Amino acid sequence: MENQEHVVIAGAGPAGLASAITLARAGLSVEVRELRGDVGGHFRGNLQLLTNYPDLEDARTELCSLLGSVPVSLWPQRSAQLFGPSGKCVSGRSSEPFGYLLHRGPDPTALDGALKRAAEEAGVQFRFHTRARPEEVDIVATGGAAAQGVAREWFGRTELPDGFHAVFDNRICPGGFGYLLVAEGYTVVGAAVVRHRERAQEAFHKTVRFFRERAGVPRIEHPTLSGSLDLFLPDPERTNMRPLHVGEAGGFADHLFGFGIRLALQSGVLAAQCVLSGRAFGPAWEEHFGQRFEMGLANRFLYETGGHLAYRWFLSKASCSDFREVGQALYKPNAAKRALAVLARAVWKKQPDCIHGAQCVWCRLQKG
Ligand SMILES: Cc1cc2nc3c(=O)[nH]c(=O)nc-3n(C[C@H](O)[C@H](O)[C@H](O)COP(=O)(O)OP(=O)(O)OC[C@H]3O[C@@H](n4cnc5c(N)ncnc54)[C@H](O)[C@@H]3O)c2cc1C
């Protein structure tokens, strides 16, 4: 794609918009084709966490340089209430934010709305209500294609005080976690489960009950949003091929907790820089994210095989160390974790009917 003047991107999520802004600012003509009628996918104001680990660079600084002068609402998080399997609560505190809460969706101060405005200011053209096929585009940013993880959540107004709460208990959310996030009168309460997709609804009700007893959330009968997380490892050799896959469509998400916004933004920017410089995308992302993916896989393996023991270890670390630094340490490469990643790949073998195609070097696709 060297010296290309016109670039077509499929998907107006964080990954596609980050690519679009970077390319348009460099003077290319950019068209984004989006299936829905606006940006933000199925998110309508939902709160999410923009992680501020394992990267040393501050996530707010990184996002603001992408947005230019376009404002976005961000709530820095320096304290988390974390509940373990026994119901015991510990506080994880950090001197620098371990993350920023933000809204998702088309609102101008939500992440997707702000990215759209920055893209329009850079001259990006949007075609909404348009399903793009990979063979028609240069960059695919269409989000996940399969579900290894499922989340159910409720989003609405609240009088609860601001806060970040999570519960780690396999009897509530098998292989995942429950969460209650509150920022300036908005709240999201949800359950993420990995593998046991059929138990997502039950996990949601158990999570609501748990936080009703612990934090006073109201009785909620039905989730307002269901979503899935697609966890696979991209293949550095195959990801040079056109079209480039970015964000969750390219496997750029964290295997431990499924956080994908920051990697979506970073992979989108990186792919655009590769288009501009003519550098191959595969080696570029391998250099930036390769080790982190391996550590993420090892972390997930520990999380699932260690079960409640692993959750207790995580909480004890969180309670006596800086919480952001705990997040950073989890991704620090070491020989034991490298060996665990190899073991994880061997135990969770890639399925022969994997639908990620040439991009995928490893996944544990579920059917159904
Ligand atoms: C309930 C839930 C909670 C989450 N919470 C967090 C969190 O707190 N922190 C975090 O970091 N991550 C979180 N995630 C993950 C995060 O939402 C994703 O990692 C992130 O949105 C991925 O961005 P993306 O741009 O790759 O894809 P998406 O945001 O999925 O965007 C893809 C876009 O492509 C469009 N599209 C799809 N197919 C086509 C097509 N054929 N043609 C054109 N357009 C198409 C879609 O409509 C969509 O707008 C959560 C996910 C869920 C489901």
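The values are calculated or read from the model by the stated rules, or taken from the named source; none is laboratory data. On a predicted model such as this, the values are computed, not experimentally measured, just so you know. Reconstructed Cβ throughout: ideal geometry from the backbone, glycine too, with neighbour counts over all protein chains shown.
Residue under question is Arg60, and the condition is that it be assigned to a loop (DSSP other than H, G, I, E, B) and basic (Lys, Arg); does it hold? No; evaluated as a whole, the condition is false for this residue. Scan the range 112-125 and give yes if some residue there is charged (D, E, K, R), under 21 Å from the mean Cα position of the chain (by Cα) and under 14 Å from Gly13 (Cβ atoms), otherwise no. Yes, the range 112-125 contains a residue that is charged (D, E, K, R), under 21 Å from the mean Cα position of the chain (by Cα) and under 14 Å from Gly13 (Cβ atoms). When you scan the range 87-95, do you find a residue that is within 30 Å of Tyr311 (Cβ to Cβ), at pLDDT below 95 and not assigned by TED's automatic domain parsing to the domain that holds Leu330, even just one? Yes, some residue in the range 87-95 is within 30 Å of Tyr311 (Cβ to Cβ), at pLDDT below 95 and not assigned by TED's automatic domain parsing to the domain that holds Leu330. When residues in the range 229-283 are screened for being farther than 25 Å from Ala329 by Cα, modelled with pLDDT of 90 or more, more than 10 Å from the ligand (Cβ to nearest atom) and not aliphatic (A, V, I, L, M), 8 of them pass.
Considering every residue within the range 38-51, establish whether at least one is part of a loop (DSSP other than H, G, I, E, B), touching a helix residue (DSSP H, G or I) at 6+ places or on another chain (Cβ under 9 Å), surrounded by fewer than 23 Cβ atoms within 10 Å (Cβ to Cβ) and of a type outside the set (A, V, I, L, M, F, W, C). Scanning the range 38-51 turns up at least one residue that is part of a loop (DSSP other than H, G, I, E, B), touching a helix residue (DSSP H, G or I) at 6+ places or on another chain (Cβ under 9 Å), surrounded by fewer than 23 Cβ atoms within 10 Å (Cβ to Cβ) and of a type outside the set (A, V, I, L, M, F, W, C).
Only one entry of Glu213, Glu184, Glu202 meets the criterion of being more than 15 Å from the ligand (Cβ to nearest atom), more than 26 Å from Cys363 (Cα to Cα), free of Cβ contacts under 8 Å to residues at least 60 places away in the same chain and over 22 Å from the mean Cα position of the chain (by Cα), and that entry is Glu213.
Matching residues to (1) in contact (Cβ under 8 Å) with a residue 60 or more places away in the chain; (2) farther than 23 Å from Phe98 by Cα; (3) surrounded by 24 or more Cβ atoms within 10 Å (Cβ to Cβ); (4) in contact with a Leu (Cβ under 9 Å, 6 or more places away or on another chain):
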position	(1), (2), (3), (4)
Ala272	yes, yes, yes, yes
Pro283	no, yes, no, no
Arg300	yes, no, yes, yes
Gly306	no, yes, no, no
Leu309	no, yes, no, no
Ser321	no, no, no, no
Val326	yes, no, no, no
Leu340	no, yes, no, yes
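Would you confirm, using the coordinates I've provided, whether His288 is more than 21 Å from Pro174 (Cα to Cα) and out of contact with any Lys or Arg (no Cβ under 7 Å at 6 or more places or on another chain)? In short, yes. Scanning the range 17-37 for residues that are more than 7 Å from the ligand (Cβ to nearest atom), surrounded by 15 or more Cβ atoms within 10 Å (Cβ to Cβ) and closer than 24 Å to Leu225 by Cα yields one hit, Leu17.
Matching residues to (1) more than 11 Å from the ligand (Cβ to nearest atom); (2) surrounded by fewer than 15 Cβ atoms within 10 Å (Cβ to Cβ); (3) closer than 13 Å to Val32 by Cβ:
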{"residue": "Gly99", "(1), (2), (3)": "no, no, no"}
{"residue": "Leu102", "(1), (2), (3)": "no, no, no"}
{"residue": "Pro108", "(1), (2), (3)": "yes, yes, no"}
{"residue": "Gly113", "(1), (2), (3)": "yes, no, no"}
{"residue": "Ala118", "(1), (2), (3)": "yes, no, yes"}
{"residue": "Arg127", "(1), (2), (3)": "no, yes, yes"}
{"residue": "Arg133", "(1), (2), (3)": "no, yes, no"}
{"residue": "Val137", "(1), (2), (3)": "no, no, yes"}
{"residue": "Thr142", "(1), (2), (3)": "no, no, yes"}
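Counting only residues that are surrounded by 19 or more Cβ atoms within 10 Å (Cβ to Cβ) and within 18 Å of the chain's Cα centre (by Cα), the range 73-91 holds 3 of them. Here Ile220 meets the list (1) out of contact with any Gly (no Cβ under 6 Å at 6 or more places or on another chain); (2) hydrophobic (A, V, I, L, M, F, W, C); (3) not in a loop (DSSP other than H, G, I, E, B) almost entirely, failing just condition (3). Tallying residues that are touching a Cys at 6+ places or on another chain (Cβ under 8 Å) and not β-branched (Val, Ile, Thr) within the range 191-229 yields 5.
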